[in-house]
Amino acid sequence: MSKRGITLYLHVHQPYRVREYSVFDTSIDHNYFNDSNWNSDRNNQRIFDRVADKSYRPMNALLEKLLNQHPDFKLSLSITGT
């Protein structure tokens, strides 16, 4: 008898946030995505670090534990960003 399997498919999407940027800023600064204000809701690095600590890293630790405990465990990951 063959083993039946379930494939766990996880999709992660982390969009870029565009900072406030006027036409007059184009000749001065080309950093469209990271607001220099670390506490801004458009600072991509800060947001990504927060989401990673809260979600991505704990899930990856759990998946690694499952993979070590159950060698037949299989999964598929998809990561996108805009």
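Points worth noting:
- Scan the stretch 1-14 for residues that are assigned to a loop (DSSP other than H, G, I, E, B) and under 21 Å from residue 58 (Cβ atoms) and the total you get is 1.
- Restricting the stretch 23-35 to residues that are modelled with pLDDT under 80 and assigned to a loop (DSSP other than H, G, I, E, B), the residue that is farthest from the chain's Cα centre (by Cα): 26
- Per-region count, the stretch 10-38, residues surrounded by 10 or more Cβ atoms within 10 Å (Cβ to Cβ) and within 25 Å of residue 54 (Cβ to Cβ): 12
- The set of residues from the stretch 50-82 being more than 30 Å from residue 3 (Cα to Cα), surrounded by 13 or more Cβ atoms within 10 Å (Cβ to Cβ) and free of Cβ contacts under 8 Å to residues at least 12 places away in the same chain comprises just one member, 52.
- Residues of the stretch 41-56 that turn out to be of a type outside the set (Lys, Arg) and outside any helix (DSSP H, G or I), as a count: 2
The values are calculated or read from the model by the stated rules, or taken from the named source; none is laboratory data. What you see is a predicted model, and the numbers here were worked out from it, not measured in a lab. Positions of Cβ are generated from backbone atoms using ideal geometry, with glycine treated the same way; all protein chains shown enter the neighbour counts.
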